[in-house]
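A.B. asks: After the structure tokens below, expect a handful of questions from me.
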Amino acid sequence: MPIFFEMRPFLWLPIRMGLAFPMRSPALFFSGGFDALKRSEALRLLARYRSPGGENGVPWDEEKLYQRLGAPDHAYALHATEELLLISSPRASRSVNYTLLCGFFVRAANPLPSDNAAVLVRAACQLWKQPLYVYIGLNNSLADIPGFRLPRWARPSPMLLQLRDFHPERPVPRFDRFQPLDFDFG
């Protein structure tokens, strides 16, 4: 693999896929399009799920998330339980429509019930009317990431995270969370 800009392969991001069918849950307290929210409503909702201070990942607060989701490139929706937020987007690849799970964000103060992610994935697939979903990346805050992990031979793309500036005297970098919203794919 050629090395550009002194970047080196660091992490093959897992790709997970699955099917989710509509089933409303009482745990779901919000599911709707981002563009339908007023700025103040969106900021209030996003503020509940700021990145925790000790987590090693791209830091997100409500203002940064609001700016990121306001980009005109894609449509986004928010799906929330008390403990977890999912940002989703409708996508297509090779004429196959699917729901992209752009990022899960945990409300730091609350314990996370095991079925929370599945509730949000079903809500996202229902909103976009696309039962096929894809999640790329990792999030150590989730006990169970929905879907099955694609083996390397079945991956449509390497989804390889490359880094530079490795130094032998520094610890090897690590990520607790790295999701599509953290890079150009989201």
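The values are calculated or read from the model by the stated rules, or taken from the named source; none is laboratory data. On a predicted model such as this, the values are computed, not experimentally measured, just so you know. Cβ coordinates were reconstructed from backbone atoms using ideal geometry, including for glycine residues, and neighbour counts include every protein chain displayed.
A.B. asks: Of all residues in segment 1-28, which are in a loop (DSSP other than H, G, I, E, B) and at pLDDT 90 or above? I'd like the intermediate steps shown before the answer.
C.D. replies: Here is the first cut: in segment 1-28, the residues in a loop (DSSP other than H, G, I, E, B) are 1-7, 13-14, 20-28.
Of everything in segment 1-28, those that are in a loop (DSSP other than H, G, I, E, B) and at pLDDT 90 or above turn out to be Ala20, Leu28.
A.B. asks: Report yes if some residue within segment 61-74 is touching a strand residue (DSSP E or B) at 6+ places or on another chain (Cβ under 7 Å), surrounded by 15 or more Cβ atoms within 10 Å (Cβ to Cβ) and among the acidic types (Asp, Glu); otherwise report no.
C.D. replies: Looking for residues that are touching a strand residue (DSSP E or B) at 6+ places or on another chain (Cβ under 7 Å), surrounded by 15 or more Cβ atoms within 10 Å (Cβ to Cβ) and among the acidic types (Asp, Glu), one finds none in segment 61-74, hence no.
A.B. asks: Cβ-Cβ distance below 6 Å, separation of 6 or more or different chains: which pairs start in segment 68-88 with a residue that is touching a residue at least 40 places away in the same chain (Cβ under 8 Å) and end on one that is surrounded by fewer than 18 Cβ atoms within 10 Å (Cβ to Cβ) and among the small types (Gly, Ala, Ser)?
C.D. replies: Matching pairs, first to second residue: Ala77/Gly33; Thr81/Ala27.
A.B. asks: Let me ask something additional. Taking the condition of being within 18 Å of Asp184 (Cα to Cα) and in contact with a Lys or Arg (Cβ under 8 Å, 6 or more places away or on another chain), how many residues in segment 62-76 meet it? Lay out the reasoning, then the answer.
C.D. replies: The first filter runs over segment 62-76 and keeps only residues within 18 Å of Asp184 (Cα to Cα), leaving 64-76.
Applying the additional criterion that residues be in contact with a Lys or Arg (Cβ under 8 Å, 6 or more places away or on another chain) yields 66, 74.
Qualifying residue count for the region: 2.
A.B. asks: Let me ask something additional. Which members of segment 29-47 meet the condition of being surrounded by fewer than 17 Cβ atoms within 10 Å (Cβ to Cβ) and in a loop (DSSP other than H, G, I, E, B)?
C.D. replies: Within segment 29-47, the first condition is being surrounded by fewer than 17 Cβ atoms within 10 Å (Cβ to Cβ), and the residues that meet it are 29-30, 32-33, 35-36, 38-41, 43-44, 47.
Correct list: Phe29, Lys38.
A.B. asks: Only one of Arg155, Arg149 is modelled with pLDDT under 85, over 21 Å from Met23 (Cα atoms) and of a type in the set (D, E, K, R); which?
C.D. replies: Numbers: Arg149 fails: modelled with pLDDT under 85.
Only one candidate passes the filter, namely Arg155.
A.B. asks: Hey, does segment 52-72 have a residue that's closer than 15 Å to Ala124 by Cα and assigned to a strand (DSSP E or B)? Working first, answer last.
C.D. replies: Here is the first cut: in segment 52-72, the residues closer than 15 Å to Ala124 by Cα are none.
Within segment 52-72, none of the residues are closer than 15 Å to Ala124 by Cα and assigned to a strand (DSSP E or B).
A.B. asks: Within segment 175-184, identify whether any single residue is assigned to a loop (DSSP other than H, G, I, E, B), in contact with a helix residue (DSSP H, G or I) (Cβ under 8 Å, 6 or more places away or on another chain) and either at pLDDT below 95 or more than 22 Å from Pro59 (Cβ to Cβ) (or both), and answer yes or no. Outline the logic, then answer.
C.D. replies: Just the residues of segment 175-184 that are assigned to a loop (DSSP other than H, G, I, E, B), to begin with: 175-176, 179, 183-184.
Filter again for in contact with a helix residue (DSSP H, G or I) (Cβ under 8 Å, 6 or more places away or on another chain), leaving none.
No: zero hits.
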